[in-house]
1. Students often get this wrong, so try it: which of (1) 14, 47, 31, 8, 0; (2) 13, 39, 29, 14, 4, 1, 0; (3) 9, 28, 34, 23, 6, 0 is P(r) over Cα pairs in 10 Å bins from 0, in percent as calculated from the structure shown?
2. Report the full-extension gain for the segment Ala112 to Glu53: residue separation times 0.36 nm, less the Cα-Cα distance, to one decimal in nm.
3. Would you please classify the overall shape of region 69-123 from the alpha carbon gyration tensor, given that a ≥ b ≥ c denote the square roots of the eigenvalues, rounded means a/c under 1.5, and beyond that prolate means a/b larger than b/c while oblate covers the rest?
4. I'd like the distance between the alpha-carbon centres of region 10-88 and region 103-120, rounded to an integer number of Å.
Amino acid sequence: MHMLANVQQVTIAPFLRAAIAPGTTVYTDDYDIYGRLKEWGYEHLTVNHGRGEYARDDDGDGFHEVHVNTMEGCWSLLRSWLRPHRGISQEKLPLYVGFFQFVHNARKRGKALLESLVATLIAPPPRIAG
């Protein structure tokens, strides 16, 4: 998860190019910020929430492969997690988002999370080849 300065194509283009291999199929909603993905070298499939479309079965196999439900679910979890922390400053928000990302990716909850957190804190620094 990354916080960007704004939601404009000029802002997301370098981020996407650095994070996603050319030719990758990218699934989004129909928000116009994603309108140039094909031009930037990606396959692009969308769902149109405005028309009540949330998942689509393009190949007719009964599996609705075109959707953004996984990411929508992640944002929903983040919003729920942030809700009790009212009044978070824009300056501190990246720290909250980063910690949420760690907890979400650790896939452990409660006391089991402590083990992952400690392991991360005491892990040796990565080796730099050279």
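Read-outs throughout are calculated quantities, based only on the coordinates presented, and are distinct from any laboratory measurement. For clarity, every value in this text was computed on a predicted model and none was experimentally measured.
1. (3)
2. Net length gain for the segment: 17.4 nm.
3. oblate
4. A separation of 27 Å, based on Cα centres.
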